[in-house]
Every structure is written in structure tokens, then in C-alpha cells.
1. If THR123 satisfies all but one of (1) assigned to a loop (DSSP other than H, G, I, E, B); (2) modelled with pLDDT of 95 or more, what's the number of the condition it fails?
2. Looking for whichever is farther than 18 Å from LYS18 by Cα, open to solvent by 40 Å² or more (accessible area, probe 1.4 Å), without any contact (Cβ under 8 Å) to a residue 40 or more places away in the chain and not small (Gly, Ala, Ser) here; the options are PRO171, PRO120. Which one fits?
3. Determine the pairs where a residue that is under 15 Å from ASP139 (Cα atoms), located within segment 12-37, has a partner that is in a strand (DSSP E or B) and modelled with pLDDT under 95 with Cβ atoms under 6 Å apart, the partner being 6 or more residues away or on another chain.
4. Can you tell me which condition THR37 does not meet? The list is (1) touching a strand residue (DSSP E or B) at 6+ places or on another chain (Cβ under 6 Å); (2) of a type outside the set (Gly, Ala, Ser); (3) in a loop (DSSP other than H, G, I, E, B), and all the others hold.
5. Out of ALA52, ALA71, I need the residue that is outside any loop (DSSP other than H, G, I, E, B) and hydrophobic (A, V, I, L, M, F, W, C). Which one?
6. Give the residue that is farthest from ILE57 (Cα to Cα), with candidates limited to residues of segment 153-167 that are in contact with a helix residue (DSSP H, G or I) (Cβ under 9 Å, 6 or more places away or on another chain) and surrounded by 24 or more Cβ atoms within 10 Å (Cβ to Cβ).
7. Quickly run through segment 126-160 and pick out the residues that are assigned to a loop (DSSP other than H, G, I, E, B) and more than 15 Å from MET185 (Cβ to Cβ).
Amino acid sequence: MDTFKTKSGKTLAVAPIKHASMELDFDGLVIQVDPVTDGTPPVTDYTQWRKADVILITHDHYDHVDAQAVAALSKDGTVVVANGGAAALLGCGEVLCNGDSLQLRDDLVVHAVAAYNTTPGHTQFHPKGRDNGYILEADGLRIYIAGDTEDIDEMAEVGPVDVAFLPCNQPYTMTPKQLRHATDMVRPAVLFPYHYGDTDPEAIVKALEGSGVDVRIREFQ
């Protein structure tokens, strides 16, 4: 688990689960991101995890949204934040479109940002305007969860951030070269490559050499 301190001394803890799934704990507030039980291996038993205060879902692909996982993590008062497709699939959720924001707590805001493919022949996977990435502003700490996207121009408006989660697995997201370009635009202090599938982590590290970014490889395959 990686931990970070905010400007007033609050703690953000990051627990990788798999692929695009993770748990964030911000000052005792439990945030689950793209929880999936068995859409991607290994099978995750979310009944063994803490109930979530917030569940963030980037889009409605099987490896990012799972009604069983959401049900297992939900309690009275759980806020599910999703794009329109995922909310429709779940039958619940606070729908955010690109550009929308939601105040989750006095010290926590979530912003929905663009996430899409640009490579010819790949744009059907994640068309522009449909899916979300998220920026969390947590007591001054900025966390960017990119979702399934390539190195889109909008990333230049995201940075700099304290912590970034950027995907790397063509044809659905980025090549290592695109990941480097995205990193240069976002300018994170700490980068977690995630959703990297069959991409060799060594190729990711090599592509990021000289970026000046603290690159942390964790269990996000």
C-alpha cells in the first residue's frame, strides 16, 4: 500500500487490486474504483473488503463495471459515480459527463474528464464523449485516474497532479510511447501505470526513463 500526505496532514492510501480496480482511503473515506469480481482475473471477493463510501466507475465495459461487486461494496449512503452507460447498466448512480463535478465531502471533489481512443481502427472501443476519467481533489492533493484512454490533447489541461494512474495496453489504451507522451503532459509527481494487461512492465519503465517522475509498478495487470 502506498500512502500520501495532504497539505493539512491527512492521509491518502492506495491499495491496488487488479487491472483497473483499486481502493483509495482518504482520511477514513473508502473509495473503490472500477470494482470487478470476475470480469478480469483473479476473482475478487468484495464481500471481504470494507464497504465503500464512494464507488467510481469510468465506463460500462465488463472489466470496469460489475453489479455484483457494486452490491457487495454498497451500504446505506454509498455514492456511486459513473458515466451514463455504467449507471444504466447498474440501474443506479450519480451520472457525471465530461466536465461535470461533484462535491463528495467538504475536502473532496471529483471531476469527470475525457477518456477516449484516437488511433484509427481503435476509436470504436472508447468513443469521444462517452467515458470518464476522474480527477480527485482531496484536501489539495490532486489524483488523476485516467480510465481507458489514449494520450489525448485534454491531458495537457489536467496537470500537474500529485498522483496519476495511466493505462498502457493497446489496442484499447496506450502504447508505452503514448504513455510517455501522456506523462509529459500530465506531469505527475508519482505515476502508477495501470490496466497494463500483457504489456511488459520493463518496457513501460524504459519508456519513462528521464521523465523525472516517480514510477511505481504495482499489481495492475
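The values are calculated or read from the model by the stated rules, or taken from the named source; none is laboratory data. Quick caveat: nothing in here was measured; it's all calculated off a predicted structure. Here the Cβ is made from the backbone with ideal geometry for all residues, glycine too, and neighbour counts use every protein chain on show. What goes into the accessible areas is simple: the full protein's heavy atoms, side chains included, and nothing from ligands, DNA or RNA. Shrake-Rupley method; radii C 1.70, N 1.55, O 1.52, S 1.80 Å.
1. (2)
2. PRO120
3. Sorted first by the residue in segment 12-37, then by its partner, the list stays empty.
4. Going through the list (1) touching a strand residue (DSSP E or B) at 6+ places or on another chain (Cβ under 6 Å); (2) of a type outside the set (Gly, Ala, Ser); (3) in a loop (DSSP other than H, G, I, E, B), THR37 breaks only (1).
5. Matching residue, one of ALA52, ALA71: ALA71.
6. MET155
7. Result: HIS126, PRO127, LYS128, GLY129, ARG130, ASP139, GLY140, GLY147, ASP148.
Residue-by-condition table, conditions (1) at pLDDT below 95; (2) farther than 20 Å from ASP100 by Cβ:
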| position | (1), (2) |
| --- | --- |
| LEU136 | no, no |
| GLY140 | no, yes |
| GLY147 | no, no |
| GLU150 | no, yes |
| VAL161 | no, no |
| ASN169 | yes, yes |
| LYS177 | no, yes |
| MET185 | no, yes |
